[in-house]
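Read the figures in this text as sums done on the coordinates, not as results from a lab. Predicted, not measured: the structure shown is a model, and the values here were computed from it. Neighbour counts are summed over all protein chains in view; Cβ atoms, including those assigned to glycine, are modelled from backbone coordinates with ideal geometry.
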Amino acid sequence: MNPSDYEYIWKNIETELGIIVLEKNVPFNTNCSVKLCDRSISLKRIEELIRSGFYILVEDDFKFALNVLAKLKKSLSRSKPTESRNAKYFYKKEMEWKQKKSILTSRVLFKSDKWKSVLEIHQQLNLSIIKEISLLTEECFSKIMPVKQILALNSSYQRYVKGVSLFGFQINPFYGVYLPVRTEPIFLLDKYLNDNAKNLKMLEIGVGSGILSFISCKHGHQIHATDKNLLSILSCKKNSIELNLDSKIQLFHQQYYNQDKYDLIVCNPPWIPKNTENLLDQAIFYADDFFDELFGNLKEHLNENGKLLLIYSNFASLVGLQSISYIDEMADKYYLTAKVIDQLNKTQNKGQELENSFRKDEIVSLYEIKLK
């Protein structure tokens, strides 16, 4: 399959996701109470309707739909919990607030049968213009969609077109592919591979954007990589072709292991335990059985003297979601040894405060997991 084929697949997947996300992740159906709103109704009254359980539908007037969403977000920001010294309590309240915000902002819906009007509104507001009509087809817009989802699709397309530079690699991610917002995992793996043996047979579990696999290729390794998100597999394949690394990477659409054995397995999983069916949230939260699957099946997939490199933060223990020795406990459960061989404090961008004071104690560790 050549890059143009993936381009075609991606555009069609983008279009389909615009519909699927609404159907599966937004509690909107024909039984919901929907109010058709326009500029004759005040923003204050519209917010009252949303908070009382109504969905607000705006037709064609995208600028007004954006105003409704902006007003709602501003109002919700006033109820954002203030930080508490009790990290567990604060995290719980913050997650409750984020869930409420997600539910309420999903109730601002938009429908347009006219592509031209949508593009004109983008131009009027100086927003990024969707130039490829095949990205969001008329069929997609003729369905009712949350305004925030339309913006997310548009933003995703712009990111795909412009690309993102990560450690010298230009990556053009597909919609629904998690981009690393933290650099510690990249630094830790790059340093480890720089100081250790070359030409290893490697597996990355949860390839995501592909950056860790691309770095592994840079160090001379042959990589197999898995991910349960098909979009990640397609995105990584296309980017590996453009980076001339496709001969060094084999991709498998599955969550954990394939049938082979490896010298080195790398996994940088989500750092927060929480069951979720939302595709995008699964890049942030991991299911209750994740480490049982990862550690429980490790023995069958390691060569002699093979090891698993696990990149994991202590964030969950800081907010009381698990014990500080959680990784050691899970390793011991499956007759494995877990040793921290490197770690970094949470990086802080210049001129920015840490979003929560307890984050100052966050540490990202590189664990070496071996058979006993």
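Overview of values
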quantity: Extended-chain gain in nm, criterion 0.36 nm per residue less alpha-carbon gap, residue 332 and residue 167; calculated: 55.9 nm
quantity: All-pairs Cα distance distribution in region 219-352, expressed in whole percent, bin size 5 Å; calculated: 2, 8, 15, 20, 19, 17, 12, 5, 1, 0
quantity: Residue order, fewest to most beta carbons within 10 Å, for 261, 299; calculated: 299, 261
quantity: Ascending count of other beta-carbon atoms within 10 Å, so fewest first, for 174, 62; calculated: 62, 174
quantity: Residue-count net charge about residue 240 - beta-carbon cut-off 11 Å; Lys, Arg +1, Asp, Glu -1; calculated: +1
quantity: Student exercise, region 166-371 dipole from Lys, Arg, Asp, Glu Cβ charges, in Debye to nearest 20; calculated: 560
quantity: Interchain or long-range residues, amide H under 5 Å from residue 252's placed H; calculated: 225, 226, 227
quantity: Cross-link pairs 63/162; 201/307; 88/274; 111/148 - those with Cα-Cα distance over 21 Å; calculated: 63/162
quantity: Mean separation of Cα contacts under 8 Å (6+ apart) over length of region 166-371, as relative contact order %; calculated: 19
quantity: Distance in nm between pseudo-label sites at residue 250 and residue 93 (7 Å out along the Cβ direction from Cα); calculated: 5.3
quantity: Extreme residue, positive dipole direction of region 166-371, given options 175, 249, 313 (C-beta unit charges); calculated: 249
quantity: Placed amide H near residue 262: partners under 5 Å, 5+ positions off or other chain; calculated: 302, 303
quantity: Karplus-derived HN-Hα couplings along region 251-268 (A = 6.51, B = -1.76, C = 1.60, θ = phi - 60°), whole Hz, x at Gly and Pro; calculated: 10, 10, 7, 7, 7, 10, 9, 9, 8, 8, 10, 9, 7, 9, 10, 10, 9, 10
quantity: Sum of side-chain charges, residue 222 neighbourhood, beta-carbon under 13 Å (Lys, Arg +1; Asp, Glu -1); calculated: 0
quantity: Amide hydrogen neighbours beyond the local backbone of residue 322, cut-off 5 Å, H modeled; calculated: 317
quantity: √(5λ) per eigenvalue of the Cα gyration tensor, region 144-239, largest first, Å; calculated: 29, 14, 11
